[in-house]
Amino acid sequence: MWDLTTPKLVYIISMVLGFGLLSVRWIWFSVEITGFFLMLFMICMTLLRWRFPQLKWSAMVDGVLCALFYPWALLVVMFAGMYYRLYYMAVLVLIFQNIYIAAAALLAGLCGAFLGLWEKERERGLNQRDSEVERYYELESLQSDLLAATVKIEQMTVVSERARISREIHDNAGHEIVAAYISLQTAREIFDDPECIKSALPLYDAALERLDKGVNKIREAVHNLAPVTMLGVGSLREICERFPKPVDFKVFGDTSKVPVHVWGVLEACLQESLTNVTRHASFAKSIKVNIDTTPNIARLCVENDGVLTSGSPGVGPDGSARPGSGLRNLRHRAAAIGGSLAIDFGEKFRVICVVPIGGIKCGY
Amino acid sequence: MTIFKFALRRGLFSPVAIILNGVIPAALIVMMRLNDDGDYRQGIFLIAMAVMFGGFFMAKGVQNDRMEGVLLRILCGPVTTRTYLWQNLLGAAVPMVGLTALISAIGHVVLNWETTFTLGIFLTYTFLAMSSVGLSFVWSSLFKSKEASSGAFGAVMTLISALSGFMIPLHLMPDFLFYTGALFPAHWASRAMQIMLDYGEFSQMFWLSMLAMFLFTVAFILFGAKRRLI
């Protein structure tokens, strides 16, 4: 479709109008045939300049020919000249020294100046818009990079945490248990000789003591490793319990295989969805949160019966979903780990986040 | 030149083009031969009309390509719009020139046209056919839907035929219609044929008519080549 706000369109309309008026003059006043041919020639030249803008200087040729043979068409030519910034068109005025030509040049000059300013302003606006769009895309790409980096960091954290746990067990509890094991083995050999049973008892006690120490150290290690905040399903349940309205929270499947970074995305998704319920569907009576996990995917579905009507915030005029920045960001986060986020406007409003688990490659 | 070959083949084997460019002119020449009073004025104009329509249909392949999505597939390859257009133009123009030459030659042999008259008629038909091909390009670039194209085609062609002097002699037309008709290339073809029929020589007005048709052709082709095809 035509962009109705371009100086180029105004130029095209004015040229069509100009040639239209010349045609009407040809029909109505039965002008001499030279006028007709000049008009036809000018149409060709205009189309040529339209096709090859680098030939804009040729407007000058039109101008000279018109001034010589058909001054009526000068307005059209002047307008073209001014549009293409051919200020030396003014030379025509000096050459022919005609009041009509001067008036035409003045009018065209004013129109040309107006069009020039308009075009400059429009170009500036377009450049600004382009740079803003570029910045937006840069930010978006940066965001996706950061999200991908987060996923990697999460995975590295898990690996390093495992290494730390194994080190903790090996350095502390491991030695005690091994020492207890060796003591018990020695004691077992002594027990075979009835004469030496008494001498085996200190060894046995020492092994028990070491085992006790080992158990205590494991208990301490476990106590130190336990997170302060809840993780996984517990965290999601806690969010639902803290919500001011009753939330029907259900979990299906084995959630132990869901990686930590996936829980992070699901948690953010739940938070945003419940916040949206408070903001846009405060009249909702039933809120349901379901988590389904299979060996391959984890699916979070947040559902409420406070469906919005057309024109409400977040709903387009045709009733379709128009996600805000929160859900858009979530969509990016889900996409960064290979998942997706969908919004369903049915009888109930649903936000569904599906994220792959179990070795599926993450990222866009 | 693959596109040119296909355009040529498509133009030559199109049933409409065969009827308009082959059957109708041949039938008209035979009818002119059979006419006892030797007045073939009307026949010349009717052949011109057939050539005009024939030229239009010869280059209609571009429009069909555009509507059926063939153009999109062609332009996916290493082919520019310019190459596609000029090869199609050539594919339509070459057979039209050949055809008008053939019609003129048949007229020269069968109807005993004088050499100057034959040459004049050949030039007129050729320039008219070229402007029709150009108009067809404009048509292809303007219309995307077949229904709209067919509807507008009927209206415009009826208008052109009525105003051009093919049906009503130009000197019988009121000034308003005469000058309105001059805004279409067919009017100038009609003028040129009238000059050849009346005087049988290349007058200044004849060459001006050729120039007008040439300028119309250039304008049509430039317009048709500028507009986006897909």
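Laboratory data are not the source of any read-out in this text; all were calculated from the coordinates shown. The model shown is predicted, which means the values in this text are computed figures rather than measured ones. All Cβ positions, even for glycine, are placed from backbone atoms using ideal geometry, and neighbour counts span all protein chains on display.
Volume per residue of the convex hull around the Cα atoms, evaluated for the stretch B:27-141, comes out as 96 Å³.
Shown for B:TYR179, A:TYR84: other C-beta atoms within 10 Å of each C-beta, ranked fewest to most, produce the order A:TYR84, B:TYR179. Between 0 and 90 degrees, rounded to the nearest ten: what's the tilt of helix A:74-83 against the longest Cα principal axis of chain A? Computed tilt is about 30 degrees. Straight-line cross-link reach from A:LYS245 at under 16 Å between alpha-carbon atoms covers these aspartates and glutamates, not counting any fewer than eight positions away in the same chain: A:GLU272, A:GLU303, A:ASP305. Taking every DSSP helix (H) stretch of at least 4 residues in chain A, weighting each as -39,500 (n - 2.57) and dividing the sum by the residue count yields a mean residue ellipticity at 222 nm of -22000 deg cm²/dmol.
Over the residues of chain B, the helix contribution to mean residue ellipticity at 222 nm works out to -25500 deg cm²/dmol, using -39500 (n - 2.57) for each DSSP H run of at least 4.
Give, in whole angstrom and from largest to smallest, the semi-axes √(5λ) of the equivalent ellipsoid of chain B, with λ running over the eigenvalues of the Cα gyration tensor.
31, 19, 15
With the charge dipole of chain A set up from +1 on Lys and Arg Cβ and -1 on Asp and Glu Cβ about the Cα centre, the Cα lying farthest toward the positive end among the listed residues A:TYR137, A:ALA284, A:TYR70 is that of A:TYR70.
With +1 on each Lys and Arg Cβ and -1 on each Asp and Glu Cβ, how big is the dipole of the stretch B:97-230 about its Cα centre, in debye rounded to the nearest 20?
Computed charge dipole of the stretch B:97-230: roughly 720 debye.
The stretch A:187-263 and the stretch B:78-150 have Cα centres lying 92 Å from one another.
Remark: the stretch A:149-273 carries a charge dipole of roughly 500 debye about the Cα centre, counting +1 on each Lys and Arg Cβ and -1 on each Asp and Glu Cβ.
Applying both filters, DSSP loop and at most 15 other Cβ atoms within 10 Å, to the chymotrypsin sites (Phe, Trp or Tyr not before Pro) of the stretch B:9-53 gives B:PHE13. Can you pick out the pairs among A:LYS56/A:LYS120; B:LYS60/B:LYS226; A:LYS8/B:LYS226; A:LYS8/A:LYS120; A:LYS8/B:LYS146 whose Cα atoms lie more than 24 Å from each other? Check vs 24 Å cut-off fails for A:LYS8/B:LYS146.
When you filter the trypsin sites (Lys or Arg not before Pro) in the stretch A:222-287 for DSSP loop state and at most 15 other Cβ atoms inside 10 Å of their Cβ, you are left with A:LYS285. Our compactness index for the stretch B:178-230, the C-alpha radius of gyration over the empirical 2.2 N^0.38 Å, is 1.38.
Each residue of the stretch A:151-161 was assigned a 3J(HN,Hα) from its phi angle through the Karplus curve 6.51 cos²θ - 1.76 cosθ + 1.60 (θ = phi - 60°); the sequence is 4, 5, 4, 4, 5, 5, 4, 4, 4, 5, 5 Hz, with glycine and proline shown as x.
In chain B, a dipole from Cβ-located charges (positive for Lys and Arg, negative for Asp and Glu) runs towards its positive end, and of B:PHE45, B:ALA155, B:SER145 it is B:SER145 whose Cα lies farthest in that direction.
Remark: the protein assembly as shown carries a charge dipole of roughly 900 debye about the Cα centre, counting +1 on each Lys and Arg Cβ and -1 on each Asp and Glu Cβ. Cα centroids of the stretch B:9-59 and the stretch A:124-157: 67 Å apart.
Residue-normalised convex hull volume from the C-alpha trace of the protein assembly as shown: 266 Å³ per residue. Report, in degrees rounded to the nearest 10, the 0 to 90 angle that the Cα long axis of helix A:260-280 makes with the longest principal axis of chain A. Relative to chain A, helix A:260-280 is tipped by roughly 60 degrees. Positive end of the dipole of the protein assembly as shown (Cβ unit charges, origin at the Cα centre): among A:GLY214, A:ALA105, A:LEU38, the Cα lying farthest that way belongs to A:LEU38.
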